[in-house]
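Worksheet for the structure shown next.
Every number in this text was worked out from the coordinates using simple rules, so none of it is lab data. For clarity, every value in this text was computed on a predicted model and none was experimentally measured. Reconstructed Cβ throughout: ideal geometry from the backbone, glycine too, with neighbour counts over all protein chains shown.
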Amino acid sequence: MALKTRRTMTLSHIKIMMGAIGAVILSVALSACGTAPATTGEHKRDTAVEMSSKVQALQKQLQERDKRIEELESQLEALKVIDQDHEKQRKPLRTPTTIEPVP
């Protein structure tokens, strides 16, 4: 009989604990819903200013990148010209040789 009473108490304790845990989870979830920060006009302006400065910084990076690409393309073209000149100079150095048959 003591075993039955102990088992009943254990089950009732488990039910109470589960109810308490559920209540805590529910209260945390509901309290989180009410803590969203209010957005004010000043906060929106600050965000707009930050976004504007980020956009300007990105635009500057793009301009610098485009300028660097133009410089590299110019250097590449100069190297191509140098390579072509080098190839033209090498071709006349090669004189045609005739192979005489060995008797």
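Our Cα-only numbers for the range 44-93 put the radius of gyration and Dmax at 21.7, 74 Å.
Remark: spin-label model distance A48-R68 equals 3.3 nm, labels positioned 7 Å along the Cα→Cβ axis. The distance between label points at K60 and E87 comes to 4.3 nm (points 7 Å beyond Cα on the Cα→Cβ vector).
Taking the Cβ of L76 as the centre, find all other residues whose Cβ is under 14 Å away and add up their charges (Lys, Arg: +1; Asp, Glu: -1). Mind showing how you got there, number by number?
On the way: positive: R68, K80; negative: E70, E71, E73, E77, D83.
Local charge sum for L76: -3.
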